[in-house]
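The values are calculated or read from the model by the stated rules, or taken from the named source; none is laboratory data. Predicted model, so just to flag it, every value in this text is computed and none were measured. A quick note on method: Cβ atoms are made from the backbone with ideal geometry, for glycine too, and the neighbour counts reach across all protein chains shown. For accessibility, only protein heavy atoms count, side chains too; no ligands or nucleic acids. Shrake-Rupley method; radii C 1.70, N 1.55, O 1.52, S 1.80 Å.
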Amino acid sequence: MEGKSVDDCLDLLMSTELIGKAETTVGKERARQHPKLARHSATLAAAVETLLEVTEYGEELSLEQVWESIDAIVPRRDLKAAVAAVTEMVPPPEADDDGPMRALLAERIGTVSGFLKTLTVVIEFGATAEAARVLEATQTLPRLLDGRKKKVTQADIDPGLVGGSWKRLVFRAGPHGSTVDKNAYTMCVLTQFHRHLKRRDIYAEASARWRDPRAQLLAGVAWEAAKGPALTDLGLPEDPSSLLAEHAMILHMALMDVAGQITAGGAEASVDDEGRLHVAKLQALPEPPSLIDLRKRVVGMLPLVDLPELLLETMDRVPAFTRAFTSTAGGTSKLADFEISVAACLTASALNIGYAPVTKSGTAALERARLSHVMQNYLSAETFAAANAPLIDTQAKIGFAQMLGGGLVAAIDGMRFVVPVPSIYTRPNRKYFGSRRGLTWLNLINDQGAGLGAKVVTGTVRDSLHMIDVLFRRDGGRRPEVIVTDTGSYSDVVFGLVHLLGMQYRPALADLPDQKGWRIQDADYGTLTRFARGKIDLAKMKRHWHDILRVVVSIYTGEAWAHDVMRMLQRDGNPTQLGEAIAHYGRIFKTLHILTYAVEEPYRRDIKGIRNLQGSRHALAGRLFHGRKGEIYQRYYKGMEDQLSTLGLVLNCVTWWNTFYIDKALTQLHATGYPLAGEDVARLSPLVRKHINVIGTYTFAPPDLGPTGVRDLRDPDTEADDDLL
């Protein structure tokens with residue numbers, strides 16, 4: 001409870017957008033002044049241009065003649081007005097760009113003074129050596145903000161923290177010497193506290209999200225105990241010399257090989273005069289008539305089903321699914337028809353329709369009070385994860401799923417949701433949310449279509465900060481060996497961490513010509529010499545190898561969140577020395593990925609294929625989550641996480657049910673002598689949705705499956721009634 005309270009308090013502090021709002025206001029003011037500044041600047045430019053022209057005639061011109069020439073173009077009155085206006089709007093040369101924004105911040109002390117007086121009193125903070133002075137200054141702010149202290153002198157503050165344009169705002173000249181503007185000083189310290197807290201140089205020990213990530217790294221006895229097994233699993237040596245030498249040789253040979261292919265014309269890629277790689281855009285593979293007919297027949301054979309019946313049938317076929325819904329105390333429910341209540345709650349939440357459409361007066365399992373009780377006591381992100389595991393495992397054993405893939409290739413991508421109610425867990429992004437705010441549901445699926453895990457992320461921050469956490473906190477399934485993401489989700493540090501953690505990282509490259517290659521050896525790579533212009537520093541990796549292993553093993557064993565570690569490895573958007581060492585390691589595999597992506601079409605198609613599969617899952621999610629215009633009305637993170645976990649669970653139920661009946665349809669087609677080509681079956685999707693009804697009246701009667709225990713497949717040659725779809 002204390003940890004959650006501290007989290008909420010600091011989330012509120014970090015989401016006040018105090019600095020962001022000040023920057024926006026200053027930006028708007030600059031935009032408003034731009035026409036006026038442009039007009040006066042044009043006046044000055046005309047005067048200076050005239051001055052330069054007349055001075056070309058020589059030194060015999062008098063000052064009066066010069067002014068006469070300028071007055072003919074720009075009246076002296078207008079020139080004085082232009083100089084005064086530009087001087088007012090443009091900061092002096094010694095000023096920094098943040099001056100106007102900081103001046104505006106100093107005027108907003110009322111927005112933060114209330115909680116600053118108790119912030120460091122009720123929350124225990126720690127700090128690194130770099131941020132210790134800032135924390136100490138923050139702890140003195142309550143005394144400065146005390147209304148009884150009217151005059152503040154330099155003896156009351158830490159002048160060393162005041163720099164740049166803050167000096168002009170904090171230190172004011174007075175009749176008895178310099179005085180201190182305590183409001184400006186408070187905001188000066190708070191902005192630094194905000195920055196250090198964001199990168200965890202200042203941290204709260206009791207917090208879950210704002211704790212010190214360095215303290216989570218394994219050390220001492222725990223490190224010695226975990227090091228051996230983890231490094232063996234990951235194939236990482238304690239001495240990196242031989243491993244790095246092997247990587248250097250692989251990278252050298254790859255550069256030589258691809259350069260040779262391009263020179264000989266044996267590759268689709270080309271290199272321009274600036275050393276940029278180009279590759280033709282992938283064209284969609286033609287669909288053979290056999291695939292078109294097979295897809296039509298299989299979809300036409302799937303039974304028509306209402307979503308609640310689909311959920312109840314899945315529960316019946318996977319008993320461990322229902323058993324996963326335990327109470328907050330850990331016990332199983334003794335309620336009659338408990339599975340019907342669970343299915344109704346899942347339907348209400350995953351379809352975003354609320355209780356009203358699924359309640360039924362007179363039916364105990366569907367009474368509003370029963371549903372509310374089950375939702376509050378048995379349904380949570382933790383029980384959803386436990387219920388997902390048997391779904392993922394049993395779906396992987398179905399024959400059709402095994403023809404789709406081995407479950408070792410996975411993709412991570414985000415789905416955006418608008419949150420129209422006030423919440424500190426949302427952020428603005430006009431591209432995705434228009435004028436409102438929202439969140440991202442970052443989810444992981446494998447090549448069999450099953451969702452392995454997900455995470456709710458505030459706003460639309462870079463996926464790379466969270467994707468490793470999703471990978472190592474899966475609900476179930478085998479750990480993927482290949483990870484695919486979109487273009488905007490990767491960085492050199494992510495490349496390094498993913499490969500150090502024993503996986504291959506293959507992001508899509510929509511901007512291939514802008515990618516820079518890296519080399520280790522000083523060799524002539526022909527057409528790729530300018531492409532591979534970056535130099536990888538092996539010595540830096542060796543110097544930091546021990547700390548690199550601590551970071552990797554801490555993430556691998558679950559002791560540290562990768563999201564926190566990623567923040568620890570950066571300082572104001574730039575990597576630390578340790579982060580730079582991991583980035584250099586990642587550049588080896590980034591370059592290999594770019595080279596393979598450029599010359600191997602099947603490699604690109606595999607990446608495109610699983611990203612299309614994830615796009616289909618998101619389309620299915622959009623069809624299911626149709627209530628309230630697909631917007632989330634939860635105000636708190638727990639509610640958002642629970643609702644989207646419900647959506648993920650129901651998506652997996654649909655995937656499991658589709659996989660089961662597609663497998664039955666394929667078996668029946670094979671028995672009738674229908675020719676089944678393996679390459680056609682592998683292009684079928686387990687995420688088809690037209691046969692599933694999610695809109696209308698919801699009934700929760702357990703399905704009568706007859707003596708076979710399986711629904712009858714439809715006749716694919718009979719047109720279905722569109723009203724039933």
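Only residues that are exposed (fewer than 13 other Cβ atoms within 10 Å of the Cβ) and of a type in the set (A, V, I, L, M) were counted in segment 223-249, giving 3.
Checking residue 652 against (1) closer than 30 Å to residue 278 by Cβ; (2) open to solvent by less than 40 Å² (accessible area, probe 1.4 Å); (3) over 21 Å from the mean Cα position of the chain (by Cα): exactly one of these is not met. Which one? The one condition residue 652 does not meet is (1).
For the criterion of being surrounded by 15 or more Cβ atoms within 10 Å (Cβ to Cβ) and touching a residue at least 40 places away in the same chain (Cβ under 8 Å), residue 206 passes.
Against the test of being free of Cβ contacts under 8 Å to residues at least 24 places away in the same chain and among the hydrophobic types (A, V, I, L, M, F, W, C), the options 329, 324, 343, 320 yield a single qualifying residue, 329.
Conditions (1) surrounded by fewer than 16 Cβ atoms within 10 Å (Cβ to Cβ); (2) among the aromatic types (Phe, Trp, Tyr), marked per residue:
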position	(1), (2)
371	no, no
378	no, yes
388	no, no
402	yes, no
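Listed by position, the helices (runs of 4 or more DSSP H) inside segment 526-573 whose residues that are under 27 Å from the mean Cα position of the chain (by Cα) number at least 3 are 545-556, 562-568. Selection within segment 250-285: residues that are over 34 Å from the mean Cα position of the chain (by Cα) and open to solvent by 90 Å² or more (accessible area, probe 1.4 Å). The member of this set that is farthest from residue 609 (Cα to Cα) is 273. Among the residues of segment 575-588, are any of a type in the set (Ser, Thr, Tyr), in contact with a Gly (Cβ under 9 Å, 6 or more places away or on another chain) and at pLDDT 95 or above? There is at least one residue in segment 575-588 that is of a type in the set (Ser, Thr, Tyr), in contact with a Gly (Cβ under 9 Å, 6 or more places away or on another chain) and at pLDDT 95 or above.
From 38, 47, which residue is at pLDDT 80 or above and within 45 Å of the chain's Cα centre (by Cα)? Matching residue, one of 38, 47: 38.
Looking only at segment 418-432, residues that are open to solvent by less than 10 Å² (accessible area, probe 1.4 Å) and of a type outside the set (Ser, Thr, Tyr) come to 1 in all. Only residues that are more than 14 Å from the chain's Cα centre (by Cα), among the basic types (Lys, Arg) and either surrounded by 22 or more Cβ atoms within 10 Å (Cβ to Cβ) or not in a strand (DSSP E or B) (or both) were counted in segment 436-477, giving 3.
Apart from one condition, residue 409 fits all of (1) under 20 Å from residue 451 (Cα atoms); (2) surrounded by fewer than 22 Cβ atoms within 10 Å (Cβ to Cβ); the exception is (2). Residue 668 fulfils the conditions (1) of a type in the set (S, T, N, Q); (2) touching a helix residue (DSSP H, G or I) at 6+ places or on another chain (Cβ under 9 Å); (3) surrounded by 21 or more Cβ atoms within 10 Å (Cβ to Cβ); (4) farther than 23 Å from residue 342 by Cβ except for a single criterion, (3).
The residues listed here are 365, 343, 320; of these, the one that is small (Gly, Ala, Ser), outside any loop (DSSP other than H, G, I, E, B), crowded, with 16+ Cβ neighbours inside 10 Å and under 37 Å from the mean Cα position of the chain (by Cα) is 343. Please specify each residue of segment 509-556 satisfying the condition of being touching a helix residue (DSSP H, G or I) at 6+ places or on another chain (Cβ under 8 Å), of a type in the set (D, E, K, R) and open to solvent by 40 Å² or more (accessible area, probe 1.4 Å). Residues satisfying the conditions are 511, 537, 542, 543, 547, 550. Scan segment 557-569 for residues that are in contact with a Ser or Thr (Cβ under 9 Å, 6 or more places away or on another chain) and open to solvent by 30 Å² or more (accessible area, probe 1.4 Å) and the total you get is 0. Within segment 664-707, work out how many residues are closer than 26 Å to residue 605 by Cβ and in contact with a strand residue (DSSP E or B) (Cβ under 8 Å, 6 or more places away or on another chain). Count: 0. With the structure loaded, tell me whether residue 480 is outside any helix (DSSP H, G or I), surrounded by fewer than 19 Cβ atoms within 10 Å (Cβ to Cβ) and more than 11 Å from the chain's Cα centre (by Cα) or whether it fails that test. Spelling it out, it is not the case that residue 480 is outside any helix (DSSP H, G or I), surrounded by fewer than 19 Cβ atoms within 10 Å (Cβ to Cβ) and more than 11 Å from the chain's Cα centre (by Cα).
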